[in-house]
Amino acid sequence: MVKRQVMFTFPEKLIKEPIIYNLGRQFSIVTNIRRADVSEDKGWVVLELEGAEADIERGIAWVTSRGVRVDPIIGDIVEG
Amino acid sequence: MSYARALHCRKCGREYPVEARSLCESCLSPLDVSYDYQAMAKVVSRRKLAKQPLGMWRYKDLLPVSGAVVDIGTGSTPLVRADRLGGELGLDELYIKNDCLNPTYSFKDRPVSVAVTKAREFGFDTLACASTGNLAASVAAHAAKAKMKAYVFVPADVEPGKLVGAAIYNPVLVTVNGNYDDVNRLCARLVERYNWGFININLRPYYAEGSKTLSYEVVEQLGWRAPDCVVYPAASGLSFTRIWKGLEELAMLGLIEQPVNTHMYLTQAAGSSPIVNAFHSGSLHVNPVKPDTIAKSLAIGNPANGNYALMVVSQSGGGACAVTDEEILDGVKLLAQTEGIFAEPAGGVVIASLKKLAASGVIKKNELTVAFITGAGPRTQEIVSDIVHPFIVEPNLESFEKVVGVRV
Ligand SMILES: Cc1ncc(COP(=O)(O)O)c(C=O)c1O
Ligand SMILES: [Zn+2]
């Protein structure tokens, strides 16, 4: 099992889709949301993913293919 | 001796020992080196600093290092009074900090010298970095000097001069098919798997500190005063925040007046300006972008320290400015043709932004302004190759006068 911290940035057309829920279910990943800001037209979520390394890899590839931008957490993320 | 006390989480305050770590476990925020400033203040004075040898390590007491350093001759670069450029822009007190004149031709030698010194202290035998070009050269050069192995990762479309500029020091040079943000994604994975000192990931708190020497030098060169305005280019935004931290420390140590009244202006290329966009939209969250600009050294779409950089802008009463590729090229030429300094596009970003900020009255005529030129031009010279149209003559007087002479 590994943990990975990432930021998802959602384009407007995906805001209303249950992407994080599906990510967790389809790839057996525990998704732990640490910080988020989602409005009508855009949104970002900082989360920790926990699961088998291969599952996380496939999960991130799937999220990316859906049109979500995935970035690693290296520096600061907004307060609150 | 080092006055570094701990790594400190800027958000929740949790502390960690001085080790290779960059994020707080409990809140995922970045860690900063914190110091015992009271003890530091007892040993640091203007008079003592003035007696130190030239170079960035004259400020060793203010850096998180105690033993022998890995130094390739970095720092003490010229601060020149830029009267000709100032005249063009309507600024009476303009200075250029020419940090092209470091061993690998960019300011990166400052943060890297600190990070590599710490890497060796922590027992790493291998260094690595994700780079837009300049960092790769600097890490490779320091690895050579320290007899360490280096893996440097750059985007595949980096300028050819930057590739040669890194390869010459014989690192393992890896070009990644993708942009810098993709390079970063890969490196975030590698740092989990390999026990390497990643200069801008697990060594990031130490890497950050080296850039403070830029402001220490400027203040000392100005006769121990802080500038009224700083104009500086941002990619991740990290070094911008350290210019400010450096000034605040000097004030805290009583070496300059308190409070610091410097206005910090952050500049980016319009084709990669996530931090400037956030500034203009009044947000503290930086939305990532897909970079597209000739200023490749600044082409980071997801700046790791954008949030902190925005806080510095607002705390200092400064601002942010983005300029187009065309303006960047004009900026590079203007600097060369008024001050004799050939900068890479990051310098063009600074000069073009300075021009805008002065023209709109944001930076005022009588304010003491320092524009930071952080990387040299020759490694990216193809972007201005249109400047070359020589007269072609035979080696005799007749030919010269025929071709050029009429214009003499
Ligand atoms: C020439 C030059 N100037 C400025 C910067 C900005 O660096 P930072 O990531 O600290 O914002 C870079 C970064 O690569 C650079 O190469
Ligand atoms: Zn914390």
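A straight chain from B:T175 to B:R21 at 0.36 nm per residue would run longer than the Cα-Cα distance by 52.9 nm. So what does the Cα-only Debye profile of chain B read at q = 0.08, 0.11, 0.13 Å⁻¹, as log10 I(q)/I(0), no solvent term? Debye output, listed in q order: -0.41, -0.77, -1.08. Figure note: B:V172, B:V349 ranked by solvent-accessible area, largest first, 1.4 Å probe, ligands and nucleic acids not counted: B:V172, B:V349. Projecting the Cα atoms of B:G55, B:A41, B:L31 onto the dipole axis of the stretch B:1-114, where Lys and Arg carry +1 and Asp and Glu carry -1 at the beta carbon, places B:A41 farthest toward the positive end. Placing pseudo-labels 7 Å out from each Cα toward the beta carbon at B:L284 and B:I168 gives an inter-label distance of 4.4 nm. In chain B, the DSSP beta bridges split such that about 30 percent are antiparallel, to the nearest 5. If the chain linking B:M1 and B:D330 were pulled fully straight, counting 0.36 nm for each residue of separation and taking away their Cα-Cα distance, it would gain 113.8 nm. Using the alpha-carbon positions of the stretch B:93-220, Rg (one decimal) and Dmax (whole number) come out as 14.4, 51 Å.
Suppose every Lys and Arg Cβ carries +1 and every Asp and Glu Cβ carries -1, with no other charges. What dipole size does chain A come out with about its Cα centre, to the nearest 20 debye?
Values: 11 positive and 13 negative charges, 45 e Å.
Roughly 220 debye for chain A.
Going by a ≥ b ≥ c, the root eigenvalues of the Cα gyration tensor, does the protein assembly as shown fall in the rounded group (a/c under 1.5), the prolate group (a/b larger than b/c) or the oblate group? Provide the component values of the computation, followed by the final result.
Working: a/c = 1.56, a/b = 1.30, b/c = 1.20.
Prolate.
Residues in the stretch B:52-62 carry Karplus couplings, in order, of 6, x, 5, x, 5, 7, 4, 9, 4, 4, 9 Hz; the curve used is 6.51 cos²θ - 1.76 cosθ + 1.60 with θ = phi - 60°, and Gly or Pro positions show x.
In peptide B:280-291, what is the residue-averaged number of other protein chain Cβ atoms found within 10 Å of each Cβ? Walk me through the numbers on the way to the answer.
Working: counts 0, 0, 0, 2, 4, 9, 4, 4, 6, 2, 1, 0.
Rounded to a whole number, the mean comes out at 3.
Of the residues B:E93, B:E398, B:E339, B:E121, the one with the largest accessible area comes first in the ranking B:E398, B:E121, B:E93, B:E339, computed with a 1.4 Å probe on protein heavy atoms. Each residue of the stretch B:212-228 is assigned a 3J(HN,Hα), and the resulting list reads 4, 5, 4, 6, 4, 4, 4, 4, 5, 5, 8, x, 6, 9, 8, x, 6 Hz, derived from the Karplus form 6.51 cos²θ - 1.76 cosθ + 1.60 (θ = phi - 60°), x at Gly and Pro. Most tightly packed first, judged by the mean number of other beta-carbon atoms within 10 Å of their residues, the peptides A:29-39, B:6-16, B:284-294 read B:284-294, B:6-16, A:29-39. Plugging the Kirkwood radius over Cα pairs into Stokes-Einstein for the stretch A:2-72, at a temperature of 37 °C and a viscosity of 0.692 mPa s, what D comes out in µm²/s? It comes out at roughly 275 µm²/s. Which Cα, out of B:L397, B:M252, B:T132, lies furthest along the positive dipole direction of chain B (beta carbon charges, K/R +1, D/E -1)? Value computed over the given set: B:M252. Other residues within the sphere of radius under 15 Å centred on the Cβ of B:Y16, judged by their own Cβ, net out at +3 (K and R +1, D and E -1).
Only Lys, Arg, Asp and Glu carry charge here, each on its Cβ (+1 for the first two, -1 for the last two); on that basis the protein assembly as shown has a dipole of about 1160 debye about its Cα centre. Relative to a virtual label point 7 Å from the Cα of B:K145 in the Cα→beta-carbon direction, which members of the stretch B:210-238 show backbone nitrogen distances below 18 Å? B:210-215, B:217, by backbone N distance to the label point. Between the helical axis of B:180-193 and the longest alpha-carbon principal axis of chain B there is an angle of about 30 degrees. Counting only other chain Cβ atoms within 10 Å of each residue's Cβ, the peptide B:188-195 averages 2.
Carbon-plus-sulfur accessible fraction, the stretch B:352-398 (probe radius 1.4 Å, protein heavy atoms only): 61%. Residues B:L222, B:L354 ordered from highest to lowest accessible area at a 1.4 Å probe: B:L222, B:L354. Compared with the direct C-alpha span, the chain from B:L397 to B:D36 gains 122.9 nm at full extension, assuming 0.36 nm per residue.
Remark: spin-label model distance B:V406-B:A156 equals 5.0 nm, labels positioned 7 Å along the Cα→Cβ axis. Residue by residue along A:61-74, Cβ atoms of other protein chains within 10 Å of the local Cβ number 4 on average. Between the helical axis of B:238-252 and the dominant principal axis of chain B, each derived from Cα atoms, what acute angle in degrees is found, rounded to the nearest 10? Result, in degrees: 60. With viscosity 0.890 mPa s and temperature 25 °C, the Kirkwood radius over alpha carbon pairs of the stretch B:296-408 converts through Stokes-Einstein to a diffusion coefficient of 145 µm²/s.
What the stretch A:2-72 shows is 51 Å² of accessible area per residue, with the surface traced by a 1.4 Å probe over protein heavy atoms.
The values are calculated or read from the model by the stated rules, or taken from the named source; none is laboratory data. Because the structure is a prediction, the values reported are computed rather than measured. Reconstructed Cβ throughout: ideal geometry from the backbone, glycine too, with neighbour counts over all protein chains shown. For accessibility, only protein heavy atoms count, side chains too; no ligands or nucleic acids. Shrake-Rupley method; radii C 1.70, N 1.55, O 1.52, S 1.80 Å.
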